[in-house]
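Throughout, read-outs are computed from the coordinates displayed, never taken from laboratory work. What you are looking at is a predicted structure, and each value in this text was computed from that prediction instead of being measured. Neighbour counts are summed over all protein chains in view; Cβ atoms, including those assigned to glycine, are modelled from backbone coordinates with ideal geometry.
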Amino acid sequence: MISTYNTVVVFTFGLLVGSFVNVLIYRIPQGVSFVFPRSRCIFCQNIVKWYQNIPFFSFIFLRGKCAHCKRKISLRYPFVELLVATGACWLFPKGLDVKSLILFFFFFSVFCAFIVHFFIDLDFQILPNGVNLYLAIVFLSYSLFFHPWPHWLWGGILGFSIPYSITWVFYKLRGKIGMGGGDIKLYGALGLYLGPEQIVVTLFLSCFLGSLAGLIFIGLRKMKRETPMAFGPFIIIAASLQIFFPHFQKYLMTIVFQ
C-alpha cells in the first residue's frame, strides 16, 4: 500500500486528469480543440470560472447545477473524475524507481484512453482515430522494449485483419457493415500489445459480451434486433480484463486454447 500522503497526491492528480478526460469525451466528437476555448456550460454557454471548475468538489459545492442557468450537470462528470482518480491510486506502484513510474504512466494513460473511447462510443458510436492512434503508439513503444518483434507484428496484423475480414465477408453477404472501422483499428492497436494469441482471446470475449448484452437488451425490450449497438465498450471491457488483471488473462487463455 502506498502512504497516506502519496495517496492524497495521486488521488488529486487523478482528479485533475479525470477533468481533462471529461474535456476529451465532450470535445473530440465535435472536432473542437481540447485546449481552447475555456470551459462553458453546455446549456447557457456561460464561461465556467476556475473556482467552479475544481474537479469533483465544484460539483458538490454547486449541488450539481450550473452556477448561471441552474440546469443540472450530468453525474457523468464527477463519476469519470472519481473513476480516473481511483484508477490512478490503484495503478500507482509501491516503489518509486524510474521503471515503475514509467510503467505507471503507461498503464494509467491506457486506462484513461479506454475511458475516453468507452463514453464516446456510448454516445456517438464512434471510436476516434486520434485515440486509436495514441493507443497504437504507446502499445508499440511498450512492445518494442518488452516483447520480441513477432509478438507485436503478428498481434497487430491478426488484430486488424481478422475483424476486417469478417466485416468484409458480412458486407458481401448481407450488404451491411457489421463492424465499424474504429473497432477494427482498436483491435489492431491492442494486438500490438497483446500479441497473436491474446488478441484472439479479446475477439472471442468481446463478441461474447456484446452478444450477451444484445440478447439481454432485446429480451428486456430495451432495443430491437436491428438497432445498432456500440461495440467498442465490449472490446474495452475485454481488453481491460486482459491488460489490468493478468491472472484473469491466464484463465481466459486456458479456456480458449484448451
For the chain, longest principal axis from Cα atoms; helix 149-174 axis from its Cα atoms; angle between them, nearest 10 degrees, is 80 degrees
Gain in length, Arg221 to Val23, computed as 0.36 nm per residue apart minus the alpha-carbon separation, to one decimal in nm? 68.0 nm
Rounded to a whole number, what is D in µm²/s for the stretch 146-190 from Stokes-Einstein with the Kirkwood radius over alpha-carbon pairs (10 °C, 1.306 mPa s)? 144 µm²/s
Just want to confirm a number: the relative contact order over the stretch 166-236, from Cα pairs under 8 angstrom separated by 6+ residues, in percent. 28 percent
Return one number: the angle in degrees, 0 to 90 and rounded to the nearest 10, between the long axis of the Cα atoms of helix 76-91 and the longest principal axis of the Cα atoms of the chain. 70 degrees
Please work out how much length the chain gains when fully extended from Phe208 to Val8, using 0.36 nm per residue of separation minus the C-alpha to C-alpha distance, in nm with one decimal. 68.1 nm
Take every Cα pair under 8 Å in the chain that's 6+ residues apart, average their separations, divide by the length, and report that relative contact order as a whole percent. 17 percent
Relative contact order of the stretch 2-67: what whole-number percent is it, with Cα pairs under 8 angstrom and at least 6 residues apart? 22 percent
Rounded FRET efficiency, nearest 0.05, which uses the C-beta distance separating Ser109 from Val48 and R0 of 25 Å: 0.45
Which three extents, in angstrom, do the Cα atoms of the chain have along their principal axes, listed largest first? 55, 50, 34
Rounding to the nearest 10 and keeping the result within 0 to 90°, find how far the Cα-based axis of helix 246-257 lies from the longest principal axis of the chain. 30 degrees
Taking the Cβ of Leu203 as the center, what net charge do the other residues with Cβ under 12 Å away carry, scoring Lys and Arg +1 and Asp and Glu -1? -2
Along the charge dipole of the stretch 1-128, which of Asn6, Asn22, Pro128 sits closest to the positive end, that is, farthest toward it, with unit charges on the beta carbon of Lys, Arg, Asp and Glu (+1, +1, -1, -1)? Asn22
In debye, nearest 20, what is the charge dipole magnitude of the chain about its Cα centre with +1 on Lys and Arg Cβ and -1 on Asp and Glu Cβ, if you could check? 1060 debye
At what distance in angstrom do the alpha carbon centres of the stretch 46-78 and the stretch 129-144 lie from each other? 33 Å
Quick check: from the Cα gyration tensor, does the stretch 1-152 come out rounded (a/c under 1.5), prolate or oblate? oblate
In nm, spacing of pseudo-spin labels at Lys65 and Tyr171 (7 Å Cα→C-beta vector): 5.0 nm
Taking the highest mean first, how do the peptides 111-119, 95-103, 41-49, 16-24 order by number of other beta carbon atoms within 10 angstrom per residue? 111-119, 16-24, 41-49, 95-103
